[in-house]
Amino acid sequence: MSLLGFRLLPEQASTIAGQVDALLLFLTAVSAFFAGLIFLAVIVFAIKYRRRSEKEQPRPIHGSLALEIFWTVIPLGLTMIMFGWGAWLYFSMSRPPADSMEIFVVGKQWMWKLQHPGGQREINELHVPVGKPVKLMITSEDVIHSFFIPAFRMKKDAIPGRYNVAWFEPTKPGTYHLFCAEYCGTEHARMVGRVVVMEPDAYQTWLAGGPVPVSPAAAGEKLFTERNCVTCHRGDTAARGPRLAGIFGKRIELHNGETVVADESYIRESILSPAAKVVAGYQPIMPTYQGQVTEEQLLQLIAYIQSLPPPSGEPAPASPATAPGGAQ
Ligand code: CUA
């Protein structure tokens, strides 16, 4: 819908877009209705209750319980509808479906770096297949940016030092704007790109088109060896570091009796601040890798750990000096 070439709203190109617009329409309609009602009342009352002569004294008013309940309950009901509807929509936007494909997003001054599950990299461009949910793991390597695709009604901050998750499912092939929606320095306005939604076949062709990529997990495995992580995280019971195979997504016990879920954020923290949450039964001897690995390398290490299959027959009998369970 456009007026003289001017679009009132961006195109609706994701499963959530219509729902976001419906909520926006509801909020606008309620606000417009009450704004109109108040303006009308101001005008009508100003005329109806105007002072007609110098001697006129208004009648005192003692309030009305019924009226007060009426104008309390109705706004309460309306705001609760807004709250409930908004919260429900927020949660559905925050929880990616289990079968999502995962894309890593790293913002930096002033570009978006994206990586596909198979390792294909893109800058300021994202190719995705239509009709498939896409989960984004968003972070930043310098300042706060914000990853914004108006046609998908999707916006999520990219914050240095943490992972933000967002998702969308494109419904229409086409090319859509991608913006940085957080002022991030001189070239903020030029930190733009595009999202290309393709038919699944075309996407497969596109994937196969570029140079042969190294998957994030494979790159992570290489790093894991190069940085000698493997000397401590060997996977046997005598190792100085905890076994990493099969821990991803599991709840693990810490030395102080607390537990934590070994998700992306926990693994990231353990690489950068190893002493923060030490696993039960181990000493805080791991050195920090702060400043030695880039955001992309962190994502690769996480992808590698995520890819490790749990050892068969838990708990693994100690077979000394074997590398952690084979990658992929
Ligand atoms: Cu990045 Cu604005």
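Table for the structure above
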item	result
For residue 125, residues with placed amide H under 5 Å, excluding near neighbours	194
Simple Cβ-charge dipole of the chain, Lys/Arg +1 and Asp/Glu -1, about Cα centre, in debye nearest 20	1040 debye
Within straight-line cross-link reach of residue 113, aspartates and glutamates at Cα separation under 12 Å, skipping those fewer than 8 residues along the same chain	122, 125, 141, 295, 296
Rounded to 10°, Cα long-axis angle of helix 295-307 versus longest principal axis of the chain	70 degrees
Computed magnitude of the charge dipole of the range 1-139 (debye, nearest 20; Cβ of K, R +1, Cβ of D, E -1)	520 debye
Value of relative contact order over the range 103-256, rounded to a whole percent, pairs C-alpha under 8 Å and six or more apart	21 percent
Built amide H within the under 5 Å cut-off of residue 135, gap 5+	101, 102, 103
Too-long pairs where the Cα-Cα distance tops 29 Å, listed order kept, from 108/132; 132/277; 172/250	132/277; 172/250
Quotient of Cα Rg and 2.2 N^0.38 Å for the range 1-142, N being how many residues it contains	1.78
The chain, accessible area per residue, ligands and nucleic acids excluded (1.4 Å, Å²)	59 Å²
Helical mean residue ellipticity (222 nm; -39500 (n - 2.57) per DSSP H run of 4+; nearest 500) of the chain	-11000 deg cm²/dmol
Length-normalised contact order for the chain - Cα pairs under 8 Å, 6+ apart - percent	14 percent
Rounded to whole Hz, the Karplus (6.51, -1.76, 1.60) HN-Hα couplings of the range 65-77, x for glycine and proline	4, 4, 5, 5, 4, 4, 7, 9, 5, 5, x, 4, x
Dipole-positive endmost among 217, 287, 103 within the chain (Cβ charges, Cα centre)	103
Selection from 244, 273, 45 lying farthest towards where the dipole of the chain points positive, charges on Cβ	45
In sequence order, calculated HN-Hα J values of the range 40-46 (Karplus, 6.51, -1.76, 1.60; Hz; x Gly/Pro)	4, 4, 4, 5, 4, 5, 4
Cβ charges +1 (Lys, Arg) and -1 (Asp, Glu), total dipole of the range 198-254, debye	440 debye
Linear extension gain, residue 59 paired with residue 88, 0.36 nm per residue minus alpha-carbon span	5.6 nm
Sorted peptide list for 107-116, 52-61, 70-79, criterion being average Cβ within 10 angstrom, highest first	107-116, 70-79, 52-61
Spatial extent of the chain: Rg and Dmax, with the Cα atoms as the point set, Å	27.7, 103
Rounded to whole Hz, the Karplus (6.51, -1.76, 1.60) HN-Hα couplings of the range 137-152, x for glycine and proline	9, 10, 9, 9, 9, 9, 10, 6, 10, 9, 8, 10, 10, x, 5, 9
Listed residues 91, 22, 202: farthest to the positive end of the dipole of the chain (Cβ charges)	22
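The values are calculated or read from the model by the stated rules, or taken from the named source; none is laboratory data. None of the values given here were measured: they were computed from a predicted structure. Using ideal geometry, Cβ is built from the backbone for each residue, glycine included, and neighbour counts are taken over all protein chains shown. Side chains are part of the model used for accessible areas, which takes the heavy atoms of the whole protein and leaves out ligands, DNA and RNA. Shrake-Rupley method; radii C 1.70, N 1.55, O 1.52, S 1.80 Å.
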